[in-house]
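The values are calculated or read from the model by the stated rules, or taken from the named source; none is laboratory data. These figures come from a predicted structure and were not determined experimentally. FYI the Cβ positions are ideal-geometry reconstructions off the backbone, even for glycines, and counts take in every protein chain you see. These accessible areas exclude ligands, DNA and RNA; they are computed on the full protein's heavy atoms, side chains included. Shrake-Rupley method; radii C 1.70, N 1.55, O 1.52, S 1.80 Å.
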Amino acid sequence: MNKLPIYTAQQTAEEIKTQFLFESKGIRSIIKAIEYTPVKVMGTRTVYNLGFGDYDETSGTIIDDINSNNGDMRIVFNTVLSTVPLFFAKNKDAVIIVSGSDSHEDFIKNCLPSCKKKCVDICKNYQRRIKTYRYYVDKNFEDLSIDYIFFGRNKSKANTFVQYIPDNQYDDILVYKKK
């Protein structure tokens, strides 16, 4: 995929979901988790949600609505992306959906009372995560299109998935591995 630095991610032994754990070694040590969870079936393909965040070892869950600000965002993001080919290698007919935990309407309502950015009219944190993924796909679209097919959905427009066109705004991205 790319030659950027990544952390070593270890896959856990799960039956239904696929999970990778790694240590973010920024300002402090934080265990992170990447999780591919089946959310629906489309035809003969299972759609898996790509989830990511800090790993809560006590509950075994992912906390995907906080910002760790650990100083190693690029390495962490590259590590998340490095698991996509590994996931598709074991799940050849799967589809990945990428959304942001900060892309839901409730996010704005929950963010404003404790907003550190003093947002008034527009929440600056709203959809920040999906924008990061879109930026990466847009920037690398030609190279990524060799192995993957992308579709995007804009919920405020037709609310259906359409062929992905770089530099368009999408709330969700579907990723298919080419055969």
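One table, with the values for the structure above:
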item	result
Above-threshold pairs, the threshold being 26 Å between Cα atoms, out of K17/K139; K17/K178; K3/K25; K3/K131	K17/K139
Under the Karplus curve 6.51 cos²θ - 1.76 cosθ + 1.60, θ = phi - 60°, whole-Hz ³J(HN,Hα) for the stretch 155-163, x wherever Gly or Pro sits	5, 7, 9, 6, 6, 10, 7, 10, 3
Neighbour net charge for S24 - beta-carbon separation under 11 angstrom, K R +1, D E -1	0
Surface accessible to a 1.4 Å probe, per residue, for the residues of the chain, Å²	61
Linear extension gain, K178 paired with D106, 0.36 nm per residue minus alpha-carbon span	22.4 nm
Length gained when the stretch S156-R74 is fully extended (0.36 nm per residue, less Cα-Cα span)	26.5 nm
Whole-Hz ³J(HN,Hα) from phi, Karplus 6.51 cos²θ - 1.76 cosθ + 1.60, for the stretch 29-41, glycine and proline x	8, 10, 7, 10, 9, 10, 9, 9, 10, x, 10, 6, 10
Percent antiparallel among DSSP beta bridges (both partners in the chain, rounded to 5)	90
Relative contact order [Cα under 8 Å, 6+ residues apart], the chain, whole percent	17
Backbone N within the stretch 161-179 under 14 Å of label point (7 Å from R45 Cα along the Cβ vector)	161-164, 173-179
Shape category assigned to the stretch 49-88 from the gyration tensor of Cα positions, a/c cut at 1.5	oblate
